[in-house]
Amino acid sequence: MLAIVPQSSQRPRGVRKCVESAGMDHTSGNYCCGIDIGGSGVKGAIVDMDTGEFATDRIKIATPQPATPEAVAETVAEIVRQLEWDGPVGICLPSVVKEQVAMTAANIDDAWIGTDVHELFSEHVPGRDIAVLNDADAAGLAEVAFGDEICRTGAVMFLTFGTGIGSALLMDGDLFPNTELGHMFVGKKEAEHQASSAVRDREELSYSQWAKRVDKVLTEYARLFNPIAFVVGGGISRKADKWVPLLTVDTPVIPAKLRNRAGIVGAAMAVWKHVAP
Ligand code: BGC
């Protein structure tokens, strides 16, 4: 089971300035910076690792276009500068990350494929611990540590609905990383090409129209993976009351607790606990 075990009681250099400028007194806590790279925005904050709360405001900068590794890494460096942070940085992105090499690129530039992301970010944000992982995996880890108890109990599928559909498979809170279930074919199309939240926006679907598509995807996942529950995150989980009750799938569907904070918190956890794949 994954729990936050503080590695040291020392506060990384740089946090005092951040938390003081945020008007908080977290001087005895433990902090890391988390950065979540998305198709439209790069978001970061300093995270209190004891509580999973942000110790600073969240900074968001539009994802540069094209979203090449160099351009995005420079945006990450800018966020770290704005946070006045010189401690560890965890980063998550919509890519399979194996041994710190990006293996795929969805909603970011193809140039990411084959990039040693650890090396890339270490060049742009030098002289500190860096860890990189998939964005849905990061969000899943954050829910395990700070979200609903169900995420630490048995076989659970955590899913994010955003530009794509991200997945994190959890067993008693342990992560099986880099499952890309948004790309699984459900009927004739990939799941995320019919039921992501971006598709809902693009096709101007009502919640009930969109929920039917989500239902179809979840029913297929349930048939093949048989989880005890789905936990659903991403921006649209804020509106969970509008669509979760419309689902008919025969497996409980529970809205995530951390919502769109989860990626940043999970990225910070990855560098804190050294759990990046
Ligand atoms: C990507 C995943 C990512 C998900 C959510 C998918 O298109 O392939 O790696 O986790 O979108 O961003």
Checklist entry - If we only count helices (runs of 4 or more DSSP H) wholly inside the range 46-163, which ones have 1 or more residues that are over 19 Å from the mean Cα position of the chain (by Cα)? => result 69-82, 117-124
Item to check | Unique match (being under 21 Å from Val244 (Cβ atoms) and surrounded by fewer than 24 Cβ atoms within 10 Å (Cβ to Cβ)) among Ala142, Ala155, Ala191 | outcome: Ala155
Next on the checklist: Contact list please: Cβ distance under 8 Å, first residue in the range 96-110 and more than 16 Å from Leu181 (Cβ to Cβ), second residue more than 13 Å from the ligand (Cβ to nearest atom) and of a type in the set (S, T, N, Q), pairs at least six apart or on different chains.
Outcome noted: Val101/Thr115; Ala102/Thr115; Asp109/Thr68
Checklist entry - Looking only at the range 86-95, which residues are of a type outside the set (A, V, I, L, M, F, W, C) and either touching a residue at least 60 places away in the same chain (Cβ under 8 Å) or more than 15 Å from the ligand (Cβ to nearest atom) (or both)? => result Asp86, Gly87, Pro88, Gly90, Pro94
Checklist entry - Has the range 107-130 got any residue that is small (Gly, Ala, Ser) and under 28 Å from Leu170 (Cβ atoms)? => result no
Checklist entry - In the list Cys18, Cys32, which residue meets the criterion of being buried (at least 16 other Cβ atoms within 10 Å of the Cβ), at pLDDT 95 or above, away from the ligand (no atom under 16 Å from the Cβ) and not in a loop (DSSP other than H, G, I, E, B)? => result Cys32
Next on the checklist: Quick test for you: out of Gly187, Gly182, Gly233, pick the one residue that is in contact with a Gly (Cβ under 7 Å, 6 or more places away or on another chain) and among the small types (Gly, Ala, Ser).
Outcome noted: Gly182
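The values are calculated or read from the model by the stated rules, or taken from the named source; none is laboratory data. The shown structure was predicted, so the numbers you read here are calculated from the model rather than taken from an experiment. Note that we place each Cβ from the backbone using ideal geometry, even for glycine, and neighbour counts take in every protein chain shown.
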